[in-house]
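Trainee: Mind looking over this structure? Questions follow.
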Amino acid sequence: MEVHNEVDGSGVPLAVLLKRELCNQKVEKPDILFGEASKSKKGEDFTLLVANCHRTPGEGPGDNAGGDDTISMFVIVDGHNGPAAAVYTRENLPNNVLAAIPPNLTSEEWTAALPRALVAGFVKTDKDFQTKAARSGTTVTFVIIDGWVVTVASVGDSRCILESAEGSVYFLSADHRLDVNEEEVERVTASGGEVGRINIAGGAGIGPLRCWPGGLCLSRSIGDTDVGEYIVPVPHVKQVKLSNAGGRLVIASDGVWDALHFQEALNYTRGLPAEAAANRIVKEAVSSKGLRDDTTCIVVDILPPEKLSPPLKRHGKGGIKALFRWRPSDELSEEQTDNGCFEPDVVEELYEEGSAMLAQRLNVNYPAGNMFKLHDCAVCQLEMKPGEGVSVHGNMPKHHSRVDPWGGPFLCSSCQVKKVAMEGRLHL
Ligand SMILES: [Zn+2]
């Protein structure tokens, strides 16, 4: 009698095939566990937590039997001068981003298209909000998890940090406080803004660096219609791929980071599940500094799927790694190499860009370039007739001669006005 311990006739034992299957990241998506906590003082922090929604808006939950088409989204918006911009952004930004991604892409193409779609979605949301004639503004930290790929788009000073399963820490967001970001001070100044501190009698400047007119401490935000247009909504975008040992994300508003060092925040959460971890961080932040600001935290655990467990959790052993320094493979423990299923704990950087210039951010050179429709406005997705759009490269300085000033991507006339305004050239 034949014994069916081989499944494909090639002589590969079933156990090996099963292990291969388990090791295949395409098949196995991580489990996403998350929780949030918040203490409100001004009522201007808001969050959005969406697990396992479809990449394409409007698709029902049963449309993809494999469930391979789902992403998770986590957003913190921290408003100022009222909640209107934060509320509007929370309601509209995710759809504006997803709508900017061309349909029918493979998983890899979708990942590659996301950074450009984030820029388009942020700028469209800001531009649309300007018509509401509200003075408020908001920071945004927008996290999208697609399989083991984490993409973070940020404006302002709410931060997202990642601790890999092995214990290395990575910053996934930018800090757009004028006080700490010289590059942004230079950009704002070059675009016609004035950066300085509040002057008291006698001439001494007090408080953080601010941008005038308006007096905002941030160089990027959504909203803020009454400050200079060089306070732009163009996000810093960072995209990383976790190993299938996973990691933990801590996303929090400045109420947390003004009170806690990131290492403190991580230490407080050791061994706690996501919800309890978020609660602990907010509690510690408030008890150390008092409730001086809205204090909000989301914790997201990206875990090997249950079938792959037990996860290698060795928190606190890895120390703080410089951004994207590869961990040498010779540091791998026997435990990890013997397992055979887990990859070395390497967080791989796929993409990072922080430029405020749309010409650079809507670039066609990035592999995703030709996936986007040429005659849709690259920001608001308005369909245009050939020849109607203005090239995003139209006003590039001469020394950028490698780009074609007449080539795409193209902007509709109102997005072109927005672009020129953001570059500080509207009133020249
Ligand atoms: Zn447009």
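Any read-out appearing in this document is the output of simple, stated calculations on the displayed coordinates, not a laboratory observation. Keep in mind that what you see is a predicted model, and the values were worked out from it rather than measured. Reconstructed Cβ throughout: ideal geometry from the backbone, glycine too, with neighbour counts over all protein chains shown.
Trainee: Under 5 Å between amide H atoms, partner at least 5 residues away or on a different chain: which partners does ARG197 have, H built in plane at 1.01 Å?
Mentor: Those qualifying (amide H under 5 Å, at least 5 residues apart or on another chain) are ARG210.
Trainee: What shape does the stretch 96-147 take by its C-alpha gyration tensor, where a ≥ b ≥ c are the square roots of the eigenvalues and a/c under 1.5 counts as rounded, a/b above b/c as prolate, and the rest as oblate?
Mentor: prolate
Trainee: Turning to a different aspect of this structure: Using a 10 Å cut-off around each Cβ, can you sort MET422, MET371 from fewest to most neighbouring Cβ atoms?
Mentor: Values: MET422 23, MET371 18.
In order of increasing Cβ crowding within 10 Å: MET371, MET422.
Trainee: What are the ³J(HN,Hα) couplings of the stretch 161-170, residue after residue, when phi is run through the Karplus curve with 6.51, -1.76, 1.60 and θ = phi - 60°? Round to Hz, x for glycine and proline.
Mentor: 10, 10, 10, 6, 4, 7, x, 7, 10, 10
Trainee: Using +1 at the Cβ of each Lys and Arg and -1 at the Cβ of each Asp and Glu in the stretch 95-228, identify which of LEU98, CYS160, LEU209 lies farthest towards the dipole's positive end.
Mentor: Going by the Cα projections, it comes out as LEU209.
Trainee: Go through the stretch 73-82 residue by residue and turn each phi into a ³J(HN,Hα) via Karplus (6.51, -1.76, 1.60, θ = phi - 60°); whole Hz please, and just put x for glycine and proline.
Mentor: 10, 9, 10, 10, 10, 10, x, 9, 6, x
Trainee: Taking the Cα centre of the stretch 163-216 as the origin, how large is its charge dipole in debye, to the nearest 20, when only Lys and Arg (+1) and Asp and Glu (-1) carry charge on their Cβ atoms?
Mentor: Computed about the Cα centre, the dipole is about 380 debye.
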